[in-house]
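Data first, discussion second: the structure below is written as structure tokens.
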Amino acid sequence: MLNQWIPDPLWLGIAQAAIALVLALLVLLVLLVTIARFNATTGTTAGDRLGQDTLMALARGLIQIILVGLVLGLLLDQALWTGGVMLLVMMTFAANIAQRRARGTPGAFGVALVSIAGGAGSVVALMTWLGVIEPTIASLIPIGSIIVAGAMQSCGQALDRLQGEVRAHSAEIEAGLALGAAPSTTMAPFVQAAMLASLIPRLDILRSLGIVWIPGIMAGMILGGIDPIYAALYQFVIMALVFATATLTVCLTMVLMQKHFFTPAEQLSAEASPSTRG
Amino acid sequence: MPVKQAAVILATQGLGRQVGGKTLVDAIALALHAGEIVAMIGPSGSGKSSLLRLLNRLDEPTSGTVLLWGEDYRTLPPRQLRSQVGLVMQQPYLFRGSVADNIRFGPRQRQMLLDDATVDGLLDSVGLTGYGQRDVKHLSGGEAQRVAIVRTLANQPHVLLLDEPTSALDEASEQIIERVLVGYVSQQQAACLLVSHRPEQVQRLAQRVLSMDRGHLTAIEETMEHIYAESMDP
């Protein structure tokens, strides 16, 4: 309906974004009213900041994505290496977001950066070289950003799970250390558990592909008039790349993060062990 | 003719640990000799477990140090130190797998594989004959505690640190463990520091008794009678 009234693509996009925004705000309003009624009944203050936080997130998301659109528009005619630089910048931001899941463990940013760059960077570079990703800015940045985002999620989950395992099993880890074992030996079962837990969501996405949801790339290609079979195959390519990246990133995160839970004298660090007992 | 003094295996020099401004252990000076069992008593939270963790170097001292065979323990590789200064924690944390896997764990870290006969012998000594292939998931608390003790003994440590090792055991099992400990200390000429809340156990096993309170050693006595006599003084 909208495209009949607004033929210009820019104004059409603005109108579509405005409608989506209004919908999101209406849903938020309903939620806030429900929470306010609940709080009035129970005397609690839960969710007081939800409205403010959601408005900020919506505004931030809108501004960020418009900026990305502008930058993409500027970069489309530039050399391929500028796309690589843009992906590196994305990886730095992704590492900063992922490291928050490690909640104060020293060295988490460095680990996240190396893991995301190692996982996403190697997959993007190899696939671009092989021609699976078209060596153009228009292909490299959108597909690269999907892969970097996947690496960020996997890295964040790996950091969160590993820290959870270490905190939950600090006594078992120390029992191994007390017998003269290396930190990596005592950590092995918990690293394995954290690794599997971090990869399960990615496996579930692969399993449900096409049945539970039709992801964005395929939907976009079909909307753009591409043959649905090719769009489906290319979507699978992207999902397989995201899975490969996730596995690489999780492995790197586990290997690099382990040592940060220990002191040089092979004791569990203060963040990992409540060693204040009497 | 002078009485020959047994060799000091482990000694502490002004050993202390503070965490976040709280003193857990302060200025501890003690020596453990070959072939002796020293008991440590004191109320909960007095720093007994913290001291054992420092001696095994699971925690780092914030003051002072520990000497093992006269050598500052910070100069030793931590794994080597911990295999020589064995710690049995109050709560027995066993590793997934069989009882035999647990007993072989310590020596395996030094590329030593205990044969079946050695594992069976260790299990026999604590009344767990035939338990080698059992999954640790199916052990009672008392059985797990006994496995934890022989798992540490399998490393043949020079110093044994025991944090209430028989707290989960019945009287019969407690006596078995006590016999094993006395036999090990005597045969290996090891030193043993035993935290216990049971006066009768301390009486039965210890040659000396240390008393701790609020992170400090408040008394070092030759026998339990001295401790009780002092506490009865007006």
* Structure fact -> Non-local residues with an amide H under 5 Å from the amide H of B:VAL25, with H modelled 1.01 Å from N and Pro and chain starts lacking one, are B:ARG17
* Asked: When Lys and Arg each count +1 and Asp and Glu each count -1, what net charge do the other residues less than 13 Å away from B:LEU153, Cβ to Cβ, add up to?
  -> +3
* If you line up the long axis of helix A:80-98 against the longest principal axis of chain A, both from Cα atoms, how many degrees apart are they, to the nearest 10? -> 50 degrees
* Of A:GLN64, A:LEU209, A:ALA171, which is farthest along the charge dipole of chain A in the positive direction, counting Lys and Arg as +1 and Asp and Glu as -1 at C-beta? -> A:ALA171
* Structure fact -> Per-residue ellipticity at 222 nm attributable to helices in the protein assembly as shown (runs of n ≥ 4 DSSP H, -39500 (n - 2.57) apiece, nearest 500 deg cm²/dmol) works out to -18500 deg cm²/dmol
* Asked: Mind checking which aspartates and glutamates have their C-alpha under 15 Å from B:LYS137, skipping anything on the same chain fewer than 8 residues away?
  -> A:GLU172, B:ASP101
* Whole-angstrom gap from segment B:132-194 to segment B:48-122, using each part's C-alpha centre -> 13 Å
* To do: Compute the long axis of helix A:9-42 from its Cα atoms, compare it with the longest principal axis of the Cα atoms of chain A, and write down the angle in degrees, 0 to 90, nearest 10.
  => 50 degrees
* **Charge-dipole axis of chain A as Lys and Arg at +1 and Asp and Glu at -1 on Cβ define it, positive-most pick from A:PRO228, A:LEU31, A:MET218** => A:LEU31
* To do: Please report, in debye to the nearest 20, how large the charge dipole of the protein assembly as shown is about its Cα centre when each Lys and Arg carries +1 at its beta carbon and each Asp and Glu carries -1 there.
  => 820 debye
* So which aspartates and glutamates can B:LYS48 reach, going by Cα to Cα under 19 Å and dropping same-chain residues fewer than 8 places off? -> A:GLU174, B:ASP26, B:GLU36, B:ASP59, B:GLU60, B:ASP163, B:GLU164, B:GLU200, B:ASP213, B:GLU221, B:GLU222
* Asked: In whole percent, what relative contact order does chain A give with Cα contacts below 8 Å and a gap of six or more residues?
  -> 20 percent
* Asked: Can you list the equivalent-ellipsoid semi-axes of chain B, largest first and in whole Å, using the square root of 5 times each Cα gyration tensor eigenvalue?
  -> 29, 21, 18
* Given the convex hull of the Cα atoms of segment B:49-145, what is a quarter of its surface area in nm²? -> 7.3 nm²
* Along the charge dipole of segment B:91-147, which of B:LEU94, B:HIS138, B:LEU128 sits closest to the positive end, that is, farthest toward it, with unit charges on the beta carbon of Lys, Arg, Asp and Glu (+1, +1, -1, -1)? -> B:LEU94
* **Percentage of interatomic Cα-Cα distances in segment A:16-124 larger than 22 Å** => 58 percent
* Is segment A:1-68 best put as rounded, prolate or oblate by its Cα gyration tensor, with a ≥ b ≥ c the root eigenvalues, rounded for a/c under 1.5, and otherwise prolate when a/b is larger than b/c, oblate when not? -> oblate
* To do: Using only the alpha carbon atoms of the protein assembly as shown, find the Kirkwood hydrodynamic radius as the inverse mean reciprocal pair distance, in angstroms to one decimal.
  => 27.6 Å
* C-alpha long axis of helix B:116-125 to longest principal axis of chain B, angle in ° -> 50 degrees
* Asked: Along the three principal axes, how long is chain A when you take its alpha carbons, biggest first, rounded to the nearest angstrom?
  -> 75, 61, 35
* segment A:1-95, accessible area per residue, ligands and nucleic acids excluded (1.4 Å, Å²) -> 76 Å²
* Structure fact -> Long-range share for segment A:166-271, i.e. C-alpha pairs more than 16 Å apart as a percent of all pairs, stands at 66 percent
* Asked: If you plug each phi of segment A:259-268 into the Karplus form 6.51 cos²θ - 1.76 cosθ + 1.60 with θ = phi - 60°, what whole-Hz ³J(HN,Hα) values come out, in order, with x for Gly and Pro?
  -> 5, 6, 8, 10, 7, x, 8, 6, 10, 5
* How much net charge surrounds A:MET239 when only the other residues with a Cβ under 13 Å from the Cβ of A:MET239 are counted, with Lys and Arg +1 and Asp and Glu -1? -> +1
* Please list the non-local residues whose amide H lies under 5 Å from the amide H of B:GLN90, H modeled 1.01 Å from N, same-chain partners needing a gap of 5 or more. => B:ASP163
* To do: Taking the Cβ of A:HIS169 as the centre, find all other residues whose Cβ is under 13 Å away and add up their charges (Lys, Arg: +1; Asp, Glu: -1).
  => 0
* Structure fact -> Given backbone amide H placed at 1.01 Å from N, residues whose amide H is under 5 Å from that of B:LEU10, ignoring those fewer than 5 places away on the same chain, are B:LEU32, B:TRP69
* For segment B:26-92, what percent of Cα pairs sit more than 16 Å apart? -> 51 percent
* Asked: Over all pairs of distinct alpha carbons, what does the Kirkwood formula give as the hydrodynamic radius of segment A:76-212, in Å?
  -> 16.7 Å
* Structure fact -> Between A:GLN192 and B:GLN18, the two model label points (7 Å from Cα along the beta-carbon direction) sit apart by a distance in nm of 4.4 nm
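The values are calculated or read from the model by the stated rules, or taken from the named source; none is laboratory data. Please read these numbers as outputs of a predicted model, since none were measured by experiment. Please note: Cβ atoms are built from the backbone with ideal geometry, for glycine as well, and neighbour counts cover all protein chains shown. SASA here: full protein model, heavy atoms, side chains in, ligands and nucleic acids out. Shrake-Rupley method; radii C 1.70, N 1.55, O 1.52, S 1.80 Å.
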